[in-house]
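Let me begin by presenting the structure, written as structure tokens, before commenting on it.
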Amino acid sequence: VQLQASGGGLVQAGDSLRLSCAVSGRSFSNYGMGWFRQAPGKEREFVATISRSNIPSYADSVKGRFTISRDNTKNTVYLQMDSLEPEDTAVYYCAARTGSGLLFDVWGQGTQVTVSS
């Protein structure tokens, strides 16, 4: 299983971006998927997850501004980010939970999101 994240960029506060994560393999619909981020000097943190039954979950800091979704026909998970804030600046990683446990065991390479004030 390989994950390829894309869609990052430099935007202004209040703008929107949509991140995509393409997943190789035949079992995408069986995976829980997630987005995480890591800002400079900080630890990686949870942003959003979506279960294989399409149930989303969000960090409080992004709730109401970000939307996670998945398209099982395209093996892709998305993160729609609206009303971006400078505090959202980070490298964003997508991850897959391929087993029956709770850990995300496969990670993509990350895409940079920079929000200027």
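The values are calculated or read from the model by the stated rules, or taken from the named source; none is laboratory data. Since the structure is predicted, the reported quantities are computational estimates derived from the model, not experimental observations. No Cβ is skipped: glycine too gets one built from the backbone with ideal geometry, and neighbour counts run over all protein chains shown. SASA here: full protein model, heavy atoms, side chains in, ligands and nucleic acids out. Shrake-Rupley method; radii C 1.70, N 1.55, O 1.52, S 1.80 Å.
Values for this structure:
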quantity: Residue check, residue 12 at pLDDT 95 or above, of a type outside the set (Gly, Ala, Ser), under 15 Å from residue 111 (Cα atoms) and loosely packed, with under 15 Cβ neighbours inside 10 Å; calculated: no
quantity: The one condition in (1) touching a residue at least 12 places away in the same chain (Cβ under 8 Å); (2) β-branched (Val, Ile, Thr); (3) surrounded by fewer than 15 Cβ atoms within 10 Å (Cβ to Cβ) that residue 55 fails to fulfil; calculated: (1)
quantity: Any hit, region 19-37, residues being touching an Asp or Glu at 6+ places or on another chain (Cβ under 7 Å) and either within 22 Å of residue 84 (Cβ to Cβ) or assigned to a loop (DSSP other than H, G, I, E, B) (or both); calculated: yes
quantity: Total residues in region 60-111, condition open to solvent by less than 40 Å² (accessible area, probe 1.4 Å), over 18 Å from residue 31 (Cα atoms), part of a loop (DSSP other than H, G, I, E, B) and not β-branched (Val, Ile, Thr); calculated: 3
quantity: Selection count where residues are in a loop (DSSP other than H, G, I, E, B) and open to solvent by 50 Å² or more (accessible area, probe 1.4 Å), scope region 42-52; calculated: 4
quantity: Unique match (being farther than 21 Å from residue 102 by Cα and either aromatic (Phe, Trp, Tyr) or modelled with pLDDT under 95 (or both)) among 46, 66; calculated: 66
quantity: Hits in region 4-27 (condition: in contact (Cβ under 8 Å) with a residue 60 or more places away in the chain and either over 17 Å from residue 90 (Cβ atoms) or among the small types (Gly, Ala, Ser) (or both)); calculated: 4, 5, 6, 7, 8, 9, 13, 14, 16, 23, 27
